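The values are calculated or read from the model by the stated rules, or taken from the named source; none is laboratory data. This structure is a prediction, so every number in the text was calculated from the model and none was measured. We place every Cβ from the backbone using ideal geometry, glycine too, and count neighbours over all the protein chains shown. Each accessible area value is taken on the protein alone, full model and side chains, heavy atoms only, with ligands, DNA and RNA left out. Shrake-Rupley method; radii C 1.70, N 1.55, O 1.52, S 1.80 Å.
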Amino acid sequence: MSQNDDDLMLKERLKGIKKKFVVLSGKGGVGKSTVSVNIACALAAKGFKTGLLDVDVHGPSVPTMLGLTGAKLVSTEKGIVPAEIGCIPNLKVLSVGFLLGEKDAPVVWRGPMKTGAIKQFIKDVEWGELDYLIVDCPPGTGDEPLSAIQLLDNPDGAVLVTTPQEVSAADVRRSVNFCKMLNLPVAGIIENMSGFACPKCGEVYDIFGKDGGEKIAKDYRINFLGKIPIEPELGKCGDAGVPYVNRADSHASKIFTHVAEVLTEIKK
Ligand code: ADP
């Protein structure tokens with residue numbers, strides 16, 4: 001297939017998707033997948049036809065977070081078929097994790113294989129009509145997130161996830177500049193793991209420092225989407241494959257719903 005055929009096919013695939021947002025972070029382990037899963041679930045709960053695409057080739061965690069670890073890649077002559085989850089209507093999910101057999105097997109792919117897999121996961125998926133596609137990108141500002149963003153053909157915006165400490169915040173500054181370079185509007189920054197509220201005494205401990213993400217948002221005049229504290233239940237739900245966003249009493253769940261609302265208000 002020539003490059004032109006490939007590009008045409010890509011455009012054709014993406015035509016049925018009204019809005020595409022990428023979730024980015026400067027480094028791994030800051031909660032990017034947690035945010036991706038929960039904002040996708042929040043959008044689906046609002047009745048929007050939502051797709052969640054996990055192209056984090058380093059450590060795809062979406063299957064675990066949505067109880068889809070046994071899911072295998074299914075394709076028909078029309079393309080790769082995303083998974084659906086009985087208890088979450090309106091949500092379709094596809095993860096590079098569906099390609100990898102053993103859960104504990106390392107992802108040993110050379111650079112071109114990773115970018116090839118990202119391309120295939122964007123080009124060959126039969127999403128049908130979607131209101132929103134949320135893309136959990138690989139961390140950092142290298143080849144892989146770059147390929148994902150370019151292949152998505154002008155995503156409508158990026159949600160940046162950081163933790164409050166300076167080392168992580170420095171990385172997210174690079175992500176902000178990366179978005180600028182690519183003319184990708186930043187929908188906002190989330191400061192995750194922002195303090196730990198002791199379930200016993202209620203006191204909040206800023207174990208990773210304070211306000212790193214909020215400060216960057218101010219410095220760069222970017223929308224600050226809020227702080228998500230460390231909530232042990234959030235980690236447990238992630239491990240158990242249960243989305244967290246519908247826990248009305250949790251602070252994290254309010255932020256996820258707020259982010260979903262912000263995304264729905266973004267006009268091109
Ligand atoms: P990333 O995608 O950036 O690598 P993940 O979303 O996979 O990060 O999060 C890393 C781990 O931290 C996961 O086990 C997740 O459940 C947990 N986690 C993320 N955010 C929180 C939080 N606010 N409170 C508790 N656990 C969290």
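Explain nothing, just the number: dipole magnitude of the chain about its Cα centre with +1 on each Lys and Arg Cβ and -1 on each Asp and Glu Cβ, in debye rounded to the nearest 20. Don't jump to the answer; show the numbers that get you there.
On the way: 32 positive and 33 negative charges, 87 e Å.
That gives the chain a dipole magnitude of about 420 debye.
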Fill in the blank from the handout: extent check for the chain: Cα max minus min per principal axis, descending, whole Å, gives 60, 39, 37
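So, R0 is 22 Å and r is the distance between the beta-carbons of A240 and E77; what FRET efficiency does that work out to, to 0.05?
On the way: r = 36 Å, r/R0 = 1.63.
According to the calculation, E is roughly 0.05.
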Problem - Under 22 Å from K180, Cα to Cα: lysines that are on another chain or at least 8 residues apart - result: K19, K20, K27, K32, K215, K218, K267, K268
Handout entry: Dipole of the chain, positive end: most advanced residue of T264, P243, C87 [Cβ charges, Cα centre]
Key = T264
Problem - Cut-off 16 Å (backbone N to label point 7 Å along Cα→Cβ of L99), residues of region 152-173 - result: 152
Practice task
Output ³J(HN,Hα) for region 139-144: one whole-Hz value per residue in order, computed from phi by the Karplus curve 6.51 cos²θ - 1.76 cosθ + 1.60 with θ = phi - 60°, and x for Gly and Pro.
Solution key: x, x, 10, x, 3, 6
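Rounded to the nearest 500, what is the 222 nm mean residue ellipticity of the chain from helices alone, with -39500 (n - 2.57) per DSSP H run of 4+ residues and division by all residues?
Working: 9 runs with 100 residues, N = 268.
Computed mean residue ellipticity for the chain: -11500 deg cm²/dmol.
Ranked highest first by average number of other Cβ atoms within 10 Å, how do 2-8, 66-72, 54-60, 175-181 line up? Write down the numbers at each step before the final one.
Numbers: 2-8: 9.9, 66-72: 15.1, 54-60: 23.1, 175-181: 18.0.
In decreasing order of mean packing, 2-8, 66-72, 54-60, 175-181 become 54-60, 175-181, 66-72, 2-8.
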Handout entry: Pairs from K18/K227; K49/K114; K210/K254 whose Cα-Cα separation, in the structure shown, is over 23 Å
Key = K18/K227; K49/K114
Practice task
Give the long-range amide H neighbours of K19: residues separated by 5 or more places, or on another chain, with amide H under 5 Å away, using H modelled in the peptide plane at 1.01 Å from N.
Solution key: Y132, L133
Problem - Efficiency of FRET from Cβ geometry, C87 and R221, R₀ 35 Å, rounded to 0.05 - result: 0.30
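Taking a probe of 1.4 Å, how large is the accessible area per residue of region 40-182, in Å²? It would help to have the intermediate numbers written out before the result.
Details: 6060 Å² over 143 residues.
I get 42 Å² per residue for this part.
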